[in-house]
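The values are calculated or read from the model by the stated rules, or taken from the named source; none is laboratory data. Since we're looking at a predicted model, the values are computed, not measured. Cβ placement follows ideal geometry from the backbone for every residue including glycine, while neighbour counts extend to all protein chains displayed. With ligands, DNA and RNA removed, areas are computed over all heavy atoms of the protein, side chains included. Shrake-Rupley method; radii C 1.70, N 1.55, O 1.52, S 1.80 Å.
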Amino acid sequence: MLGQYLDVQREALLAKTDQLDREQMAQLHPPSTLTLAGLVYHLSLAEEDWMEIHFLGQPDRDPFLGADWDADPDWQFRVPAEIGPEQLRQRYRDACDRSRAVVRQASGLEQLSVKPVRGKHFSLRWVLLHLIEETARHAGHADLLREAIDGSVG
């Protein structure tokens, strides 16, 4: 059920980017610096970070290796120029597919992460709830951004 709730939020976020071009996906709405492209990029990295790097214990890889969190704590919201809208959406879909595979292969919801966060290991149940919360929050942001871009609601 947790996976189903998360999938609903994942699809809601992607639906907010349907038929938008690079310029629309990158459009700013001051005073916020959030963009639809930035939200999709951030959530693809969140899926990778929580499920693959922390839960499974896979090594850090690009773009995490070169990230300077102190100099730019919001770097995850800045999309590299070479990534276009469809490539960005596919990156997110692929990250979500890999997360679903992690869930299928886990021994259960109480399985603990390989890597701790702030000294504590977390369960698969916790990471799924966290990803639901994170994705739903940003899907709400995406609602407002999409409406500001072209008036689309729902």
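Here the convex hull built on the C-alpha positions of the chain has a volume of 115 cubic angstrom per residue.
Can you work out the FRET efficiency for the pair Val8 and Asp49, with r the C-beta to C-beta distance and R0 = 22 Å, to the nearest 0.05? Mind showing how you got there, number by number?
On the way: r = 21 Å, r/R0 = 0.98.
Calculated value: 0.55.
With the helix formula -39500 (n - 2.57) applied to DSSP H stretches of n ≥ 4, the chain reaches a computed 222 nm mean residue ellipticity of -16500 deg cm²/dmol. What's the center-to-center distance, using Cα atoms, between the range 2-22 and the range 97-154 in Å? What the calculation gives is 12 Å, centre to centre.
Relative to the longest principal axis of the Cα atoms of the chain, helix 36-47 runs at roughly 0 degrees.
Please get the size of the charge dipole for the chain, origin at its Cα centre, with Cβ charges of +1 on Lys and Arg and -1 on Asp and Glu, quoted in debye to the nearest 20. Mind showing how you got there, number by number?
On the way: 17 positive and 25 negative charges, 110 e Å.
For the chain, the charge dipole is close to 520 debye.
The fraction of accessible area contributed by carbon and sulfur in the chain is 54 percent, rounded to a whole number (1.4 Å probe; ligands and nucleic acids excluded).
Per-residue accessible area (protein heavy atoms, 1.4 Å probe) orders Met51, Met1 as Met1, Met51, starting from the largest. In the full protein context, the range 13-154 carries 54 Å² of accessible surface per residue, based on a 1.4 Å probe and ignoring ligands, DNA and RNA.
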